[in-house]
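Heads up, the thing below is written out as structure tokens.
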Amino acid sequence: MQRITTAARADYIQKLESISFEFHSLNNVYWDETAHYQFDMREILKIETATNKLFQLCLDAVQHVIDNRLYEKLHIDPAIIPLIERSWETEEPSFYGRFDFAYNGHGDPKMLEFNADTPTSLYEGAVVQWHWLKDIAPDNDQFNSMHEKLIDYWKSCVEYFNGETVYFTCMRDTIEDFTTVEYIRDTAHQAGLQTAFIYIDEIGWDSADQVFLDMDNVEIKNIFKLYPWEWIMNEAFGKNILIDTNKSKWIEPAWKTILSNKGILPILWQLNPGHPNLLECYFDSPTGLTDYVKKPIYSREGANITVFRDGVQIDASSGEYGEEGYIYQQYTELPNFDGNYPVLGSWVIGGESAGMGIRESKTLITDNLSRFIPHLITQY
């Protein structure tokens, strides 16, 4: 694994915008092609293997939480428990998720967390960095089968949707979310599904028939949401899901609630102590760890995280999370390339490892100011 300084394509802005990548300069610089990461196949196979193994461990952990009714431990709203259990028992499909790894090319990738419900940076990973590769190093490869796997998985779920339209939704005024949702919608369309887009505040409710409606009063029976389950269940309107006559199919399914908060990390460690891809992790403040990271049960974009070395705080981020409590995870060194700290986002599509995107920060905490850096695989 190496970080290579690269000259940006002279017309890269135009090329990015020609493929509808409009938020390339989010927070001044989001897409950064003045460098790229280079891996050999041995390293890629190690990341792929770790991803597949960890996803299976996560499925086992979901079963453990349900069997032992550990919902309170994870601060899951009791109202959603019937939905969680129904979606798990009926094997509602998981379309995508992103593991965040610390990895420097040596040893084993270490799981920092699993973005299981509403992961972003998919379009950047699946499409934008692939176009970069074809321009910069067309003879090289990339750890990237996300696009093909998305289409294939949608195809495998055609019967699941019973010929009904699949709606895609996100909040307004979030260009990153909109781009991600429209990209995923496009892969569903390419797979032969009938699709429609609707903003989340446009979704209606028929209180007489107890069904969700679109703007034309057509019933919504399938919906892909880029909107977290915990937000949905915190809203009166969202709780209509509990009484929805259609029992509409939601993507990601409600059982992903168990995996989408960081309380799953100490449970994974409890079930698999010493696993080479896991970091020691606890619900209570650790007595045996002096180097650790304090993370909220629920948080996004690296908010409200505190890093301790030798028991002393060395970095922290602000935010509005932490009300539900925290977990304490063993600190692991991120690679340091001249003050640049990469986190590898390893994607799971339809339950299989599907590729990688890299976010890079100037600090130890990957947040909404982090840059997306492309990668390639060397020929040797």
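Below is a table of values for the structure above.
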read-out	value
Cross-chain or 6+ apart pairs with Cβ under 6 Å, the range 73-87 first and under 15 Å from Ser260 (Cα atoms) and not assigned by TED's automatic domain parsing to the domain that holds Glu323, then surrounded by fewer than 22 Cβ atoms within 10 Å (Cβ to Cβ) and hydrophobic (A, V, I, L, M, F, W, C)	Asp77/Met233; Ile80/Met233
Complete set of residues in the range 30-47 that are farther than 16 Å from Asn144 by Cβ and in a strand (DSSP E or B)	Ala35
Of all residues in the range 104-156 being closer than 20 Å to Glu252 by Cβ, hydrophobic (A, V, I, L, M, F, W, C) and over 17 Å from the mean Cα position of the chain (by Cα), the one that is surrounded by the fewest Cβ atoms within 10 Å (Cβ to Cβ)	Ile151
Residue satisfying condition, being assigned to a strand (DSSP E or B), farther than 20 Å from Cys170 by Cα and among the hydroxyl-bearing types (Ser, Thr, Tyr), within set Tyr341, Tyr321	Tyr341
Count - residues of the range 177-202 that are closer than 14 Å to Lys225 by Cα and either under 18 Å from the mean Cα position of the chain (by Cα) or part of a helix (DSSP H, G or I) (or both)	13
Of all residues making up the range 360-380, the number that are part of a strand (DSSP E or B) and either among the aromatic types (Phe, Trp, Tyr) or out of contact with any helix residue (DSSP H, G or I) (no Cβ under 9 Å at 6 or more places or on another chain) (or both)	4
Cross-chain or 6+ apart pairs with Cβ under 8 Å, the range 96-109 first and of a type in the set (Phe, Trp, Tyr), then part of a loop (DSSP other than H, G, I, E, B) and buried (at least 20 other Cβ atoms within 10 Å of the Cβ)	Tyr96/Pro119; Tyr96/Glu252; Phe101/Pro109; Tyr103/Pro109
Verdict on Glu176 being crowded, with 16+ Cβ neighbours inside 10 Å, at pLDDT below 95 and over 30 Å from Asn68 (Cβ atoms)	yes
In the range 53-103, the residues that are assigned to a helix (DSSP H, G or I), among the polar types (S, T, N, Q) and surrounded by fewer than 15 Cβ atoms within 10 Å (Cβ to Cβ)	Gln56, Gln63, Asn68
Matching entry among Ser20, Ser25 (being farther than 18 Å from Ile258 by Cβ, without any contact (Cβ under 8 Å) to a residue 24 or more places away in the chain and polar (S, T, N, Q))	Ser25
Sole exception among (1) part of a helix (DSSP H, G or I); (2) touching a Lys or Arg at 6+ places or on another chain (Cβ under 8 Å) for Asn240, by number	(2)
Which listed residue, of Gln270, Gln313, is surrounded by fewer than 20 Cβ atoms within 10 Å (Cβ to Cβ), at pLDDT 95 or above and not in a loop (DSSP other than H, G, I, E, B)	Gln270
Any hit, the range 216-233, residues being in contact (Cβ under 8 Å) with a residue 60 or more places away in the chain, assigned to a helix (DSSP H, G or I) and closer than 28 Å to Phe55 by Cβ	yes
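The values are calculated or read from the model by the stated rules, or taken from the named source; none is laboratory data. Predicted model only: the values in this text are computed from it and were never measured. With ideal geometry, Cβ positions are generated from the backbone for all residues, glycine too; neighbour counts draw on all protein chains shown.
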